[in-house]
Each structure stands twice: as C-alpha cells, then as structure tokens.
1. Condition (residue is surrounded by 11 or more Cβ atoms within 10 Å (Cβ to Cβ), at pLDDT below 85 and within 30 Å of S110 (Cα to Cα)) applied to the stretch 31-52: is it met by at least one residue?
2. For a quick check of your reading of the model, give me the residue pairs whose first member lies in the stretch 24-41 and is within 13 Å of E204 (Cα to Cα), whose second is assigned to a helix (DSSP H, G or I) and aliphatic (A, V, I, L, M), with beta-carbon atoms closer than 8 Å and at least 6 apart or on different chains.
3. Out of the residues in the stretch 241-258 that are hydrophobic (A, V, I, L, M, F, W, C) and touching a residue at least 60 places away in the same chain (Cβ under 8 Å), which is surrounded by the most Cβ atoms within 10 Å (Cβ to Cβ)?
4. Residues of the stretch 259-276 being in contact (Cβ under 8 Å) with a residue 60 or more places away in the chain, surrounded by fewer than 16 Cβ atoms within 10 Å (Cβ to Cβ) and within 27 Å of the chain's Cα centre (by Cα), which ones?
5. If L263 satisfies all but one of (1) of a type outside the set (F, W, Y); (2) closer than 13 Å to F140 by Cα; (3) in a loop (DSSP other than H, G, I, E, B), what's the number of the condition it fails?
6. Here's a check for you: in the stretch 108-125, which residue that is surrounded by fewer than 12 Cβ atoms within 10 Å (Cβ to Cβ) and without any contact (Cβ under 8 Å) to a residue 12 or more places away in the chain is farthest from A47 (Cα to Cα)?
7. Where in the stretch 185-240 are there strands (runs of 3 or more DSSP E), lying wholly inside it, with at least 2 residues that are hydroxyl-bearing (S, T, Y) and touching a residue at least 24 places away in the same chain (Cβ under 8 Å)?
8. Would you check if I90 is surrounded by 10 or more Cβ atoms within 10 Å (Cβ to Cβ) and over 25 Å from the mean Cα position of the chain (by Cα)?
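The values are calculated or read from the model by the stated rules, or taken from the named source; none is laboratory data. Keep in mind the model is a prediction, meaning the values are calculated, not measured. Glycine gets a Cβ as well: all are built from the backbone with ideal geometry, and neighbour counts include every protein chain shown.
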Amino acid sequence: MSKNRYPRLLGFLPLLGMMLMLGGCKWTLLDPKGQVGLDERNLIITATLLMLLVVIPVIVMTFAFAWKYRASNTNATYAPKWSHSTKIEIAVWLVPILIIIALGYVTYKSTHALDPYRPLESDVKPINIEVVALDWKWLFIYPDQGIATVNQIRFPEHTPLNFKITSDAVMNSFFIPALGGQIYAMAGMQTKLHLIANQKAEMEGISANYSGAGFTGMKFKAISTSQEDFDAWVAEVKAAPKQLDQAEYEALAKPSQNNPVALYSSYTPDLFQKIVDKYEGMKPGKPVKHEKKEVAAVEGTDMSSHSAAGAEE
C-alpha cells in the first residue's frame, strides 16, 4: 500500500507547481481602475455565478449518486426497469432554459451598455487620443493639445477618453486591462474605444494580439492624474525638443523593440488620417487618387499600381 501511495502523491506535484505560478499573477481584471472595467468585472462574475447554478449541482449529484448507489450499499433502491421521471425531465430542461434566458438578457443588456463605440456619458469634456500601432511600439497623438508620445499616455481621472485606433503595421490589439475593453488596430481602418479612469493610477497597456518578434515588449504606461498634473505634463511635452515631422515618423515606424518613452512637442498635421489613407489603394471598389485623377479600383482588375499609388499618398 505504501509503495503505491507515493506515485499518487507525486502526481499532485505538477498541480502544486501550477498553483504556485498562478499565485504570482496579477488580478488586474478583477481590480479595475475605471468604470468600464468595473462593469466588465461585474459581468464576468454574474455570468460565472449563473453558470455555476448548473455546474455545482451536477458535481454534487455525481458524488452523491456514486456514494448512494455504491456496490456495498444494500439499502439503495434497485429499479432495473426504471425508464422515466416527469420530475427529473422538468428539472433537467427547465433549469437550464431559465439560466440561458437570464444569460441572454444579461448579454443583450451588457453588449449595448459596453459597446466600445458608444461614448461615455459625462459632464466633463473628453480627452481625444489617436493611437497608432507600430512594430513594436505605440504612438499616441493628442489632436487637441498638439502633442504626441511613444509608449506612454497621461490623462485626468474622471475624464472620458475617446480613442481612435489604427495600425501602420500588422493587425494588433489595443488593451489597458485595468480600464477595460480591448479593440483591434488594423491598417487602413479606424476603430474606436471609450474608457474612463475612476482614480489616480499607473497602469500597464499591452498588445493583446501576437504581432511578431517584439510582441512581448510592446507595452506602454497609462497614467491617470489630477487635472492640474495633466496640464503640467502637457506643458512639459510642448517644451520637449523633439518634433514628429515626416522624416522623424518614418524613422519611428521602422521595426524596433523595447522602445523607451518619447515625447514630441508637435507632429505633422493630420498625421493619423494620413496613416489611415495611405492604405486606401488596398480597398477594392474605393476610388484612388493619383495625379489629381480618380481611378475606380474595379473588382477583378490589376490593383498593384493603385495600391502603390495609395501607399505613396
């Protein structure tokens, strides 16, 4: 007996190791710093509890039935010809149906309430931030303040954030776990995300979509501050020596890893829109501007020249 006991105990060692490693993980999603993240956390908990209404009774009944109808229990009811129970049929069908209805209601309500394109209701004027995913860093443009940064954003607490997101590289995903929500960044397209911070905090933003060799280092800092500290930071950035002109942007857009934070006191006008528009020739059916003439990109024709023209613009 003792010889067989030790191999069984050794089988639990990998499980113990996994528990120890998971113990070092951060509970960011369950400790949100913004209202959107808080609503998403509550949704996760609600959906989990509703599903546990089925899972827990099934697990309990599995052990209960195994114990009650074990071979050594001679007092258990023996009914070899049993085939139907109306009560059991009602229970196994009605309970899951009610849970699915409840989940459907919660899903419908939360889908519209947490729509990333839906602006947040607030009396405070929002901060507009344009986001560009590059290889392998994040460019942030503040159109209202006339500044730009790399791998860091700052914003006041209790102030809505309106993000416009695109990519000048492969498809990526913009995600600040502590604030909630993530949205894809795609070349030639513009997506939106609306967030808000409920308190002052320094949070980590990440790329949530594998994008190549520098993916693991494609992180940025998202810092919520007071309005006064934000205004002081904007003034500091405006005094920075660097300017994000076209030549500087082209150098920045080249693949690089683990980029430090960079501050730009100004940037090329309409830079974000130019980045989106440079891929317009890749969209079949969309007119492409070339030498002041519009050439319809008709489906089925050779698009290589149109793509090159759109990229040059």
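1. No; the residues of the stretch 31-52 include none that is surrounded by 11 or more Cβ atoms within 10 Å (Cβ to Cβ), at pLDDT below 85 and within 30 Å of S110 (Cα to Cα).
2. L29/I44; P32/L38
3. Just the residues of the stretch 241-258 that are hydrophobic (A, V, I, L, M, F, W, C), to begin with: 244, 247, 251-253.
Among the residues that remain, those that are also touching a residue at least 60 places away in the same chain (Cβ under 8 Å) are: 244, 252-253.
Numbers: L244: 22, L252: 19, A253: 16.
Ranking the qualifying residues of the stretch 241-258, first place goes to L244.
4. P260, V261
5. All conditions are met except number (3).
6. Checked the stretch 108-125; the qualifying residue farthest from A47 (Cα to Cα) is D123.
7. 219-225
8. So I90 fits the description; yes.
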